[in-house]
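Working notes for the structure below.
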Amino acid sequence: MSRFFLHQEIDGDILEDPDGTEAADLAEVRQQAIEAARQLVANAILGGTAPLGRAFRITDEAGQVLLVLPFRDALPPDLFNPG
Amino acid sequence: MVPPTQSFVRNCLLSALDAADYAAVAPHLEPVDLPKGMVLIEPGKRFAEAYFFNSGIGSIVVSTTDGRRVEAGLFGRDGFAGASGLLGSDQCPQTTMVQVEGEGYRIPLGALRGACDGLPSLREMLLRYVHVFITQTSFTSLSNVTQPIEARLARWLLMCHDRVTGDDIALTHEFMSVMLAVQRPSVTTALHVIEGFGFIRARRGNITILDRDALIDFADGTYGAPEAEYRRLIGPLG
């Protein structure tokens, strides 16, 4: 298990993940990030606003960026383009 | 062992008892440390003791078969764990555990029941606490189902604040995410929003309450009713 951090990209700024999360590998933490992005978007939309962040910047414990996951990529691809 | 003197006891429920009622309970109170993560009641297992907290926070957690968990209720120096023992059952499907370390007293369920049998006023006070706790879980349900995460978190922080000394609460994002049954980044974002309003200061592993009244407004009526019931029926909370 390794520790990964899900920092959020907010308007050119970064909202830091202070604690991080344990996961077996990047694939597992990517799945966590997808579920987290869905919740962030859903919670914001229920409140009638856009989410604060637009993407997760996933890093390892050394701060190395492993993956940038736009929240858009966590949503159903045909959400705004049916068919 | 010398029983604790009532005026020194920090558990609000024990403090609020009539002297005669307290005197019946006190000889059975055994001081106990309550380390974070200590399980007080395991689901489906018989338990033999109730716990009165002087400090720290405990919670009652329920989970789905695939391991999703949510906190159903929270208590600290306001009450006690093991109330089911006074309601006719010595086992529960829920887990009761320590979330923020503290200390308190352990009392055998048999001794607590025995004291209640002889003292209706003692039983009534303890059952008033059960009523307040049920009221709390009702509002937890309201908050969980109807409110965005920011308001749920505000309410939950207020409930923790009631049960600690001072304005600092030792909490990790991980822990809050389990208690509110949300993803951890949702906690990070919600704290950022509430901090942006100036209601709290969030630092790694620590939350400082800066504007309690504003948090209460922000919780939109989901905080306050159980606490008012406590004050009406039992006494000061904290």
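The values are calculated or read from the model by the stated rules, or taken from the named source; none is laboratory data. Predicted model only: the values in this text are computed from it and were never measured. Here the Cβ is made from the backbone with ideal geometry for all residues, glycine too, and neighbour counts use every protein chain on show.
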Self-check item: One residue from A:Leu46, A:Leu75, A:Leu69 being surrounded by fewer than 18 Cβ atoms within 10 Å (Cβ to Cβ), more than 10 Å from every other protein chain (Cβ to nearest Cβ) and not basic (Lys, Arg)
Solution: A:Leu75
Exercise. Could you check B:Glu174 against (1) within 14 Å of another protein chain (Cβ to nearest Cβ); (2) touching a strand residue (DSSP E or B) at 6+ places or on another chain (Cβ under 7 Å) and say which number it fails?
Key: (2)
Quiz item: What residue, among those in segment B:179-229 that are over 30 Å from A:Arg57 (Cα atoms) and of a type in the set (Val, Ile, Thr), is nearest to the other protein chains (Cβ to nearest Cβ)?
Solution: B:Thr222
Quiz item: When you look at B:Pro27, is it without any contact (Cβ under 8 Å) to a residue 40 or more places away in the chain, out of contact with any Lys or Arg (no Cβ under 7 Å at 6 or more places or on another chain) and not assigned by TED's automatic domain parsing to the domain that holds B:Gly166, yes or no?
Solution: yes
Quiz item: For B:Arg46, which of the numbered conditions (1) in a loop (DSSP other than H, G, I, E, B); (2) at pLDDT 95 or above; (3) surrounded by 14 or more Cβ atoms within 10 Å (Cβ to Cβ) fails to hold?
Solution: (3)
Quiz item: Which of the helices (runs of 4 or more DSSP H) contained wholly in segment B:170-238 include at least 1 residues that are among the β-branched types (Val, Ile, Thr) and under 28 Å from B:Cys12 (Cα atoms)?
Solution: B:173-180, B:212-218
Exercise. Kindly indicate whether B:Gly82 is without any contact (Cβ under 8 Å) to a residue 60 or more places away in the chain and more than 13 Å from the chain's Cα centre (by Cα).
Key: no
Self-check item: Residues of segment A:6-31 satisfying the condition of being at the interface with another protein chain (Cβ under 10 Å from one of its Cβ atoms) and within 12 Å of A:Leu67 (Cβ to Cβ)
Solution: A:Leu6, A:His7
